[in-house]
Amino acid sequence: MHDENAWSLGGVAGHAGVFSTASDLAILAQAMMNGGSHAGHRVLEEKSVTAMLTDLNEGFPGHAHGLGFELDQRFYMGALASPRTAGHTGFTGTSVVIDLLSRSIAVLTTNRVHPRREWSSVNVARRTVADHVARALDVAPRRGRTAWYAGHADGTTATLTLPVTLREKHTRLGFDLFVDTETADVLTLELSRDGGATWSPLPYVVSSRGRIAHHDGSICGFTGRHWQQAYAEVDESPGQVQIRWRYVTDPLYQGRGVYVDEVRLGDAQGTLVNGEREADRFLADGWSQATR
């Protein structure tokens, strides 16, 4: 291999790691997902696996590390990254990513130092492999057959806009939300009173498996990779307004993305919008979406 230290020690050096095949690495990863066993054989003690998957580096945020494994590192884990994702990289460009939430494994074996030693990085390739695995794991709509997906491009803005005529001072907006992004990719709920010339954040509340969180209009990061219910009070005078979901991504890294489903809007007089009923024709009914 391309390792001068190993060469100087006669070809064998303890620091050089373990050499194996992609299939064998997948077996090791599967054993970790199984709590340390594989094919009926105990490979690792459960407490060892727990130590591998527990952040022992909490004093240094952003550098989560278990026993021998990195945790939640988006720079090479891509859209598979989460607090329940472990991985390891090799100097020659290899990587293994173990996503316990989806029980998925991504293995890349390569050699970035062949045939020359000039510095290079294969993190783009590592992320691409992990991202393709993540994209193969569909996010099923919360209701019906369709949901709005904001896309997974870097350095873009995607919007879903709903023009509506309010009938009363107090109107309640409800929608279902799936958010799994890096912290620099942000979804904001906004309201415009002047036909879209200016926009203001619209605060809302998210209910997620018994937990309640208040948002000032924006949400980002890892939220559990499951659908959540969101509610907002629209306290505006009767008349025309626009409500939009705006997702802005920075130039690097992606999560599983943002989905919005089953938008509901109503007041004391009844329903103004029922996104579940109108899902298959919402664009024709005045909704608009854009990406730039």
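Do any strands (runs of 3 or more DSSP E) lying entirely in region 193-273 carry at least 1 residues that are over 20 Å from residue 288 (Cα atoms), without any contact (Cβ under 8 Å) to a residue 24 or more places away in the chain and hydroxyl-bearing (Ser, Thr, Tyr), and which ones are they? Spell out the reasoning first.
Working: elements: 204-208, 211-215, 228-235, 239-248, 257-267.
Qualifying strands (runs of 3 or more DSSP E): 204-208.
This table checks each residue for (1) among the acidic types (Asp, Glu); (2) without any contact (Cβ under 8 Å) to a residue 12 or more places away in the chain; (3) within 23 Å of residue 223 (Cβ to Cβ).
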{"residue": "76", "(1), (2), (3)": "no, no, yes"}
{"residue": "79", "(1), (2), (3)": "no, no, yes"}
{"residue": "89", "(1), (2), (3)": "no, no, no"}
{"residue": "92", "(1), (2), (3)": "no, no, no"}
{"residue": "109", "(1), (2), (3)": "no, no, no"}
{"residue": "119", "(1), (2), (3)": "no, yes, no"}
{"residue": "123", "(1), (2), (3)": "no, no, no"}
{"residue": "128", "(1), (2), (3)": "no, no, no"}
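Can you spot a residue in region 16-33 that is surrounded by 17 or more Cβ atoms within 10 Å (Cβ to Cβ) and part of a loop (DSSP other than H, G, I, E, B)?
No; the residues of region 16-33 include none that is surrounded by 17 or more Cβ atoms within 10 Å (Cβ to Cβ) and part of a loop (DSSP other than H, G, I, E, B).
Residues that are open to solvent by 10 Å² or more (accessible area, probe 1.4 Å) and touching a Ser or Thr at 6+ places or on another chain (Cβ under 9 Å) within region 179-189 comprise 182, 184, 186, 188, listed in sequence order.
In region 57-68, how many residues are surrounded by 11 or more Cβ atoms within 10 Å (Cβ to Cβ), out of contact with any Gly (no Cβ under 9 Å at 6 or more places or on another chain) and assigned to a loop (DSSP other than H, G, I, E, B)?
Step one: list which residues in region 57-68 are surrounded by 11 or more Cβ atoms within 10 Å (Cβ to Cβ), which gives 57, 63-67.
Checking which are out of contact with any Gly (no Cβ under 9 Å at 6 or more places or on another chain) leaves us with 63-67.
Within this subset, residues satisfying the condition of being assigned to a loop (DSSP other than H, G, I, E, B) are 63-64, 66-67.
The number of residues fulfilling the criteria is 4.
Tell me yes or no: at least one residue of region 47-56 is at pLDDT below 95, open to solvent by 30 Å² or more (accessible area, probe 1.4 Å) and among the acidic types (Asp, Glu). Taking every residue of region 47-56 in turn, none turns out to be at pLDDT below 95, open to solvent by 30 Å² or more (accessible area, probe 1.4 Å) and among the acidic types (Asp, Glu). Among the residues of region 249-257, not a single one is among the hydrophobic types (A, V, I, L, M, F, W, C), open to solvent by 40 Å² or more (accessible area, probe 1.4 Å) and out of contact with any helix residue (DSSP H, G or I) (no Cβ under 9 Å at 6 or more places or on another chain). Among the candidates 103, 167, the residue that is surrounded by fewer than 19 Cβ atoms within 10 Å (Cβ to Cβ), within 30 Å of residue 50 (Cα to Cα), of a type in the set (D, E, K, R) and touching a residue at least 60 places away in the same chain (Cβ under 8 Å) is uniquely 103.
The values are calculated or read from the model by the stated rules, or taken from the named source; none is laboratory data. A quick note: this is a predicted structure, and the numbers were derived from the prediction, not measured. Note that we place each Cβ from the backbone using ideal geometry, even for glycine, and neighbour counts take in every protein chain shown. When the accessible area is computed, the model is the full protein with side chains, heavy atoms only, and any ligands, DNA or RNA have been set aside. Shrake-Rupley method; radii C 1.70, N 1.55, O 1.52, S 1.80 Å.
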